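First the structure, in the form of structure tokens, and then the observations on it.
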Amino acid sequence: MAQDKAGDILARLEGIAPGHDVDIVDVEVVGATKAPTVRVRIDWADEGRGPIGLDDVAAQTSWVSDALDELDPFTGSFTLEVSSPGLSRPIRRERDFERFAGENVALATTATEGRRKFSGKLLGMREGSVAIATDEGEVAIPLAEVKRCTIKPTFDFSEKKSSK
């Protein structure tokens, strides 16, 4: 049920977001059924604009809230959280898998048998499948079978401070 609600909310927000120069990165519905939390991750639609900032997110929250009030997806109350995608950015659309090729990712599938979790370097899209270079070799997962994929940020702390 939460996924159905998230899908309805996502569809509604994606229809409105271009008018605000915003891209809806992801929508999640989590928590208790009686008082769920709706998490909406947004970014600028123009990739050249750089990452969306905290003040920008705050300024965009009102139209997101208004759209959810209009949609009225829950019988009771809910909590709305609007944020930037963060370092562990979710990836869900074909264009996102192309855009973030070269990044390290963690991917979970909807498969009911066999391996369901993969991590490695995102290679992009190949014939409708997400290609990932893992330690065991290259794998291709059909986009329709991707349950969740996020960027795994890497930090390099090896640079030494120079002393003078």
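The values are calculated or read from the model by the stated rules, or taken from the named source; none is laboratory data. On a predicted model such as this, the values are computed, not experimentally measured, just so you know. So basically every Cβ, Gly included, is an ideal-geometry build from the backbone, and we count neighbours across all protein chains shown. Surface areas here come from the heavy atoms of the whole protein model, side chains and all, with no ligands, DNA or RNA. Shrake-Rupley method; radii C 1.70, N 1.55, O 1.52, S 1.80 Å.
Only one entry in Val64, Val146 is within 20 Å of Val29 (Cα to Cα), open to solvent by less than 40 Å² (accessible area, probe 1.4 Å) and within 14 Å of the chain's Cα centre (by Cα), namely Val146. Counting only strands (runs of 3 or more DSSP E) wholly contained in region 71-143, the ones carrying 3 or more residues that are among the aliphatic types (A, V, I, L, M) and either out of contact with any Pro (no Cβ under 7 Å at 6 or more places or on another chain) or surrounded by 15 or more Cβ atoms within 10 Å (Cβ to Cβ) (or both) occupy 104-109, 117-126, 129-134, 137-142.
One line per residue, one yes/no per condition, for (1) open to solvent by 40 Å² or more (accessible area, probe 1.4 Å); (2) closer than 19 Å to Asp96 by Cα; (3) touching a His at 6+ places or on another chain (Cβ under 6 Å):
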position: Asp26; (1), (2), (3): no, yes, no
position: Ala35; (1), (2), (3): yes, no, no
position: Arg49; (1), (2), (3): yes, yes, no
position: Val57; (1), (2), (3): no, no, no
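I'd like to check something: does region 26-36 contain any residue that is closer than 20 Å to Gly86 by Cβ, among the polar types (S, T, N, Q) and not in a helix (DSSP H, G or I)? No: region 26-36 contains no residue that is closer than 20 Å to Gly86 by Cβ, among the polar types (S, T, N, Q) and not in a helix (DSSP H, G or I). Would you confirm, using the coordinates I've provided, whether Val25 is in contact (Cβ under 8 Å) with a residue 60 or more places away in the chain and under 25 Å from Ser77 (Cβ atoms)? Considered against the rule, which asks whether it is in contact (Cβ under 8 Å) with a residue 60 or more places away in the chain and under 25 Å from Ser77 (Cβ atoms), Val25 comes out as yes.
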